[in-house]
Amino acid sequence: MANERLEIGGFTADPQAPVAGFAPAGLPCFRALGADGTQVVAVLCRNEHPARLRAILRLIDEPDLPGLLRPLAQDVVVWSGSALRAVVYEAPPGPALLRPGQRAEPMREGDLIQNVVRPIGRALLTLGDLGLTHRGIRPDNLFRAGNGPVLLGDGFCTPPALAQPAAFEDPATAVCLPAGRGEGTIADDLYALGVTLVALAMGEWPLAGRDDAAVIRAKLEHGNLVAVVGENRLPGGIATLVRGLLAEDPARRPQPAELAGWPGTAKVRPVSARPLPRASRGLRIGKVEVRDLRSLAFALGRNWSEGAEALRSGAVAVWVERGLGQPVLAARLRELTGPLPRGDEPFDGTMCRAIAALDPHAPLFWQGKALMPDGIGAVLAETLLAPSPSGLPLAALDALIGDMVIARWASVPGERPHDAMALDRAARRYRLVWRNANLGSGPERLLYALNPALPCLSPLIAGEAAGTVPAALAALERRAGGLARGTLPIDRHLAAFIAVHMDGRLDDALAAVGAATTPAEAAVAAMAVFAQLQTTHRSAPMPALAGLLADLAMPALAQWRERARRERATAEAAAVAASGDLARLHALFADPQARARDSIAFAQARREAQEAAQAIARLRHDRAAREAEARRLGARLSHATGLVVLALTLLSLSGV
Amino acid sequence: MGKSSAKMSGDATTARKGRGGGRAPLGFWALGVVTGALLGLALPTGLLLAIGLAPAALAALADRSAGRWTARSVLVFNLAGLVPSLRALWLEGHTLGTLVVVLARLDGLALAYGAAAIGAVLPVVASWAILAVLEARAAIDIARLEQKRAALREAWGEEVERLPVQPLAKAIAPKAP
């Protein structure tokens, strides 16, 4: 299977021809050919790190994408027995500019401005117009032919910024789970461009060899610019640009339009770096000693239990008041924590809100992990599909969604690029779906709703490429013949996939399948679902699926009261199933009007049978009454006969 | 059945009234006056009636049923059998001697007593015949109803009768008129 050629939206990928250095995060990447022989590359995405499908579809439709390697097609393919999303990109024009660990000749200022800053500025401008971010700007994702302008590589085959090292991300997103960094804003791309320019100007990656925690700590303690540039000297024009791009306040970074015409279009900005107030005496949270608010927030978030203890004890509020001289913030912290809670009371929500109050730019910290609210979809996929110790545990995710932590976090005043009301609505919707146990709801539905790139992961159609409902139906039809008799051809994954792709229009029908008390009842309810899908999507006949459902639903025919109707339906069921028309099959099994007529007629028949039985019982029981009646009538008849005889006798003797 | 029971009940009431009600003494006295007048004015006829209608008298005493229809039957048959003897008494001379002659003819009394016997047996035979007819009608009705039940079972299956049925006591209870 893995060696077969892959058809992806009119392109043919050759798994025997891998391409190194293009796809991020170790995703499989192969050479591919278009129908006209065009050389392209195909990237296979991982399900646990779903691609940004909406962005890809938007970019495929966009005719002009300057400075960007454009995605050409996407589809779901089967690779090593799994259904995966695959994306076809234009082939990179040349090698990547600078790989991790590689040392190269520093690029000249003019080359950087002309061939890196301006093309990427144009690319970001286009993306900004489309409402998209790239989140993959780094030296090994820039490709150029010779000395020409660079083209920006893939940033959409993984969740946003998943492959970005901590050095290329603002501390607020660098601290997040890689899958949970969220879409972010163009300001995040500008930051990554700033670090990229430093790397290209120095000829090596900055902060190389240091772990993420050390990189983040360095940025927090020394500021972005100092941490990234260090002791190195940058060319004058680049230094100015980098200073702006690495500004602590995202609002002070140059805009893509300025970059596209740099330096002529550059605007004058006030000093970007405004140092945070620092305390002369530090506060120890776990093993970390902090001296400013931002570091405190991050230390609390990363050292959850120690941070909770410090917050619970009031040490944090005291330090903020006395060490940093911020009594207002300290009072707010005390207000958030309320009366000192007992040791065994849940404190996670308070911690989350306290951190948000300390650093308005900080991400959502939850039980020692951090994520951006719009990154919850990818985190959910990672937790459910490939749980790892470094990810967010399922219990923590359950509490995060169940307690509407996102809404609580958003309700804390702060300068966040998120709409608090929208986040509140989203959090309520997530909880509603997450806790709904109906078929077509629950965690699976949230998984598909928040990750539209995911193909259907139902074990029923394992190994089938099903990225859409029609494809899932076709896959199910192919697999139905091989399913064991008595297998209901719908499970939680398939139901959730259908529910999401049908925008909730089949919620009731899907819930009915789950609520069925017998397999036959469930099969009839499933028929209703598949019949509606077949009608809506004008799918081809599905005789195998219909046969499987008909077999399973056969006991439901016993619900027909009228024996002739029952026998007729049984005979017809096989024929209708063979036709593959699920709507007809469903009507045969569950025509509500005919069912009602059948029930009414049966009630009438039952009444008649009961009356007949009672009449028979009465007739058998009334023999004594008949005997009495016979005696009575016999005596009167005899008396009447006697009168007649007497009269005749009198007449005869009178000589008449 | 309900109707006949009601009627029987009504007859019984009438019988009780006849025996001990206000009209019984009048009838009784009327019978005594008629009998006395008859014995006084027409002694031979009275004696012939007394002897010839003895079975009717016995039947009247024996039949305690409502309406005493068997006794009535015996009476009219007995009377019909005695009419030839009465005729002979009246045509051959209405005297005690003639009465003795008439009584001596055994066929006269035998006819009266035989007719009374027929009058006694006929209600039984007639009731047998009527019962046979009623039973035949009931059997036909039962067969028709069983046929209907079978047809219902054929159309709807055994479930049509397996579902809750009224208790037998309720089923056989007489319907309200």
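Taken together, the values in this text are just the output of simple stated rules run on the coordinates, not laboratory data. This structure is a prediction, so every number in the text was calculated from the model and none was measured. We place every Cβ from the backbone using ideal geometry, glycine too, and count neighbours over all the protein chains shown.
Averaged over the residues of peptide B:71-83, the number of Cβ atoms from other protein chains lying within 10 Å of each residue's Cβ is 6.
Sum up the charges of everything whose Cβ sits under 14 Å from the Cβ of A:M421, counting Lys and Arg as +1 and Asp and Glu as -1, but leave A:M421 out.
Details: positive: A:R408, A:R416, A:R425, A:R428, A:R429; negative: A:D419, A:D424.
Taking every Cβ under 14 Å from that of A:M421, the sum is +3.
Computed from Cα atoms, the angle from the helix A:212-222 axis to the main principal axis of chain A rounds to 50 degrees.
Determine the gain in length on full extension of the stretch A:S388-A:R485; use 0.36 nm per residue of separation and subtract their C-alpha separation, reporting nm with one decimal. Spell out each step's value before the answer.
Values: separation 97, 0.36 × 97 = 34.92 nm, distance 3.65 nm.
So the chain would gain 31.3 nm between A:S388 and A:R485.
Mean sequence separation of contacting Cα pairs (under 8 Å, at least six apart), scaled by the length of chain A, corresponds to a relative contact order of 10 percent.
Treat every Asp and Glu Cβ in region B:13-121 as -1 and every Lys and Arg Cβ as +1, leave all other atoms uncharged, and give the resulting dipole magnitude about the Cα centre to the nearest 20 debye. Working shown, then result.
Details: 9 positive and 3 negative charges, 118 e Å.
My answer is approximately 560 debye.
Here the simple spin-label model places points 7 Å from the Cα toward Cβ, and for A:D64 and B:L43 these points are separated by 15.9 nm. Counting only other chain Cβ atoms within 10 Å of each residue's Cβ, the peptide B:131-140 averages 4.
Could you give the length gained on full extension between A:A422 and A:E231, defined as 0.36 nm per residue of separation minus the Cα-Cα distance, in nm? Numbers along the way, then the final one.
On the way: separation 191, 0.36 × 191 = 68.76 nm, distance 4.36 nm.
Once the chain is fully extended between A:A422 and A:E231, it gains 64.4 nm.
3J(HN,Hα) along region A:482-492, derived from phi through the Karplus expression 6.51 cos²θ - 1.76 cosθ + 1.60 where θ = phi - 60°, amounts to x, 6, 5, 4, x, 7, 6, x, 8, 9, 5 Hz, with x in place of Gly and Pro.
Sorted into 5 angstrom bins from 0, the C-alpha pair distances of region A:157-229 split as 3, 18, 30, 27, 17, 5, 0 percent.
Using the Kirkwood radius over C-alpha pairs as Rh, can you work out the diffusion coefficient of region A:109-260 via Stokes-Einstein at 25 °C, viscosity 0.890 mPa s, in µm² per second?
Numbers: Rh = 15.2 Å.
It diffuses with D of about 162 µm²/s by this estimate.
The aspartates and glutamates whose alpha-carbon is closer than 14 Å to the alpha-carbon of B:K148, local same-chain residues fewer than 8 away aside, are A:E608, A:E611, B:E158, B:E161.
Could you work out how much longer the chain between B:H94 and B:L31 gets when fully extended? Use 0.36 nm per residue separation minus the Cα distance between them, nm to one decimal.
Working: separation 63, 0.36 × 63 = 22.68 nm, distance 2.23 nm.
So the chain would gain 20.5 nm between B:H94 and B:L31.
Computed from the C-beta positions of A:R322 and A:Q39 and an R0 of 60 Å, the FRET efficiency is 0.35 to the nearest 0.05.
For the ranges A:609-618, A:136-145, what's the packing order if you count other beta-carbon atoms within 10 Å of each residue, average per peptide, and put the highest first?
Working: A:609-618: 19.3, A:136-145: 23.3.
Ranking the peptides A:609-618, A:136-145 by packing returns A:136-145, A:609-618.
Taking amide H atoms as placed 1.01 Å from N in the peptide plane, the amide H of A:A73 lies under 5 Å from those of A:V88, each 5 or more residues away in sequence or on another chain. For A:A370, the residues whose amide H sits under 5 Å from its own are A:L177, ignoring neighbours fewer than 5 places away on the same chain, with H placed 1.01 Å from N.
In terms of overall dimensions, region A:266-416 has a Cα radius of gyration and Dmax of 16.3, 56 angstrom. Enter the Cα centre distance for the pair region A:1-39 and region A:407-449, rounded to the nearest angstrom. That distance is 37 Å.
What angle, in degrees between 0 and 90 and rounded to the nearest 10, separates the Cα long axis of helix A:469-480 from the longest principal axis of the Cα atoms of chain A? Tilt of helix A:469-480: around 60 degrees.
Here the Karplus curve 6.51 cos²θ - 1.76 cosθ + 1.60, taken at θ = phi - 60°, turns the phi angles of region A:582-592 into couplings of 6, 5, 5, 4, 5, 4, 5, 7, 8, 6, x Hz, with x standing for Gly and Pro.
For q values of 0.15 Å⁻¹, compute log₁₀ I(q)/I(0) with the Debye formula on a Cα-only model of region A:64-180, without solvent. Relative scattering, expressed as log10 I(q)/I(0), comes to -0.77.
Working from the Cα coordinates of region A:178-332, the gyration tensor eigenvalues give, after taking √(5λ), semi-axes of 33, 17, 15 Å in decreasing order.
Relative to its residue count, the protein assembly as shown spans a Cα convex hull of 268 Å³ per residue.
Summarised in one figure, the compactness ratio Rg/Rh of region A:534-624, Cα atoms and Kirkwood Rh, is 1.27. Summed over qualifying helices (DSSP H, 4 residues or more, each -39500 (n - 2.57)) and divided by its residue number, the protein assembly as shown shows a 222 nm mean residue ellipticity of -18000 deg cm²/dmol. State the Cα centre-to-centre distance between region B:79-109 and region A:474-504 in whole Å. Centre-to-centre distance over Cα atoms comes out at 111 Å. How crowded by other chains is A:621-629, given as the mean number of beta carbons from other chains within 10 Å of each beta carbon? That average works out to 6. Rounded to the nearest Hz, the phi-derived 3J(HN,Hα) couplings of region A:226-232 under the Karplus curve 6.51 cos²θ - 1.76 cosθ + 1.60 (θ = phi - 60°) are 5, 5, 7, 7, x, 8, 6, where x marks glycine and proline. Close amide H partners of A:W79, meaning residues 5 or more places away or on another chain with modelled amide H under 5 Å apart, are A:L84.
Quick check: the distance between the Cα centres of region A:625-656 and region A:73-145, to the nearest angstrom? Each part's Cα centre sits 125 Å from the other's.
DSSP beta bridges confined to the protein assembly as shown are antiparallel in about 95 percent of cases.
Counting Lys and Arg as +1 and Asp and Glu as -1 over every other residue whose Cβ lies under 10 Å from the Cβ of A:V78, the net charge comes to -2.
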